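What follows draws every value from the coordinates through simple rules; no lab data is involved. Keep in mind that what you see is a predicted model, and the values were worked out from it rather than measured. For neighbour counting, all protein chains shown are included, and Cβ atoms are generated from backbone atoms with ideal geometry for every residue, glycine included.
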Amino acid sequence: MLEIVLGIAGVVAAGMILGMVYQKLGTRRDAKRYAPLGRLVDIGTHRLHVVESGLGSPTVLLESGLMSTVLSWTELQQELSQYFRVVSYDRAGLGWSEQGPMPRTADRIVEELHAMLQKADIAPPYVLVGHSFGGLTMPLFASRFPDEVAGMVLIDSVAPQEWNPPSEHDRKQSQIGAKVCRRAAVLARIGVIRFVAFLLRSGARSLGGPLVRFISRGTTAESGSVKSPWFFALPPSERAMAAVFWVQPKFALTIASQLENLPVSAVQVGEHEKFCDRPVMILSAKTASARRRAAHAAMARRLSHGEHLLADGSNHWIMQQDRQLVIRVIRSTIENVRPDDSVPSPSLSDCQ
């Protein structure tokens, strides 16, 4: 009996070692095949990936959603950079950026972003543009560094009220999501997540599907499948790189921490209701919940130069489905920035 147990343990240990080697070799191959689009800026604890394009001032600074990278901004950044200087970046642990210290709260993310801008010599003023999770970071940045901010555009952003406090449903879903991510981080270290991604890319869904469901157990049936709307709602460029970014432990650990700390981040932002005295435009998606749309409208009313607009032809990814609307809103915001700080609010008529 002891020999059998020892034999099984040996097989498991050997499998884990092989998996770790497989993961290491795959990560090394991906690094050679998919070079960073921009440069890596060392902020002391880790390096952040930043992509810069265009010229001029103020600088348009793009902040991505919960799981997203610079790739979610590719088309928008290309078009905006014809007129303005535009900067996008990967938060720590995502995309080409290195893993950062934990926990991943809005406060920590904002401090790291500011450090990166200083180290990279990207001077203010900034027009802050935040999508989704960016609604918890860009307002906090504006409240911490008001003299460096010229304006802001929030794109179907998370509203602090949604997580301060969260509903019981949202609280449970975030806890489940974080638990699944931590499970995935362990499996990623021994190559399991990379192997599953290989199966799915190879068309072997009959083999990969059950593994996805096993890894995602505890989530809703749709989310824990190869047809997850959570995945297929992403822009094509993000989906294409999931097999490179999502198979790394840093990704899973980062998402887990961001999810676990959504209430903490919401409290940090909620302490600054009037977070910006410059032009602020808040866009709500047609598919946004009534609670989020109401929160967006309330946020705009509290600000001295805030305005709320419903993007009635778009889902959550407004910058993908109605990129021209987002560009018009950003341009209108910049046009309303005056050197003497006598700043009127952006006009909706300029954005339609």
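Details
- Taken over the stretch 100-219, the ratio of Cα radius of gyration to 2.2 N^0.38 Å equals 1.40.
- Angle in degrees between helix 2-33 and the longest Cα principal axis of the chain, rounded to the nearest 10: 40 degrees
- The S237 and I8 beta-carbon pair, evaluated with R₀ = 30 Å, returns a calculated FRET efficiency of approximately 0.10.
- Compared with the dominant principal axis of the Cα atoms in the chain, helix 323-335 is inclined by about 40°.
- In the chain, helical runs assigned H by DSSP with n ≥ 4 each contribute -39500 (n - 2.57); averaged across all residues and rounded to the nearest 500, the mean residue ellipticity at 222 nm is -14500 deg cm²/dmol.
- Mean Cα-pair separation over length for the chain, i.e. relative contact order, pairs under 8 Å, 6 or more apart, %: 18 percent
- Approximate shape of the chain as ellipsoid semi-axes (Cα gyration tensor, √5λ), whole Å, largest first: 38, 21, 18
- The packing ranking of peptides 78-90, 9-21, highest mean first, is 78-90, 9-21, where packing means the average number of other beta carbon atoms within 10 angstrom of each residue.
- If R0 is taken as 30 Å, the Cβ-Cβ distance between E79 and Q118 corresponds to a FRET efficiency of 0.65.
- 26 Å Cα cut-off, lysine pairs counted over the stretch 34-352 (separation 8 or more, or different chains): 9
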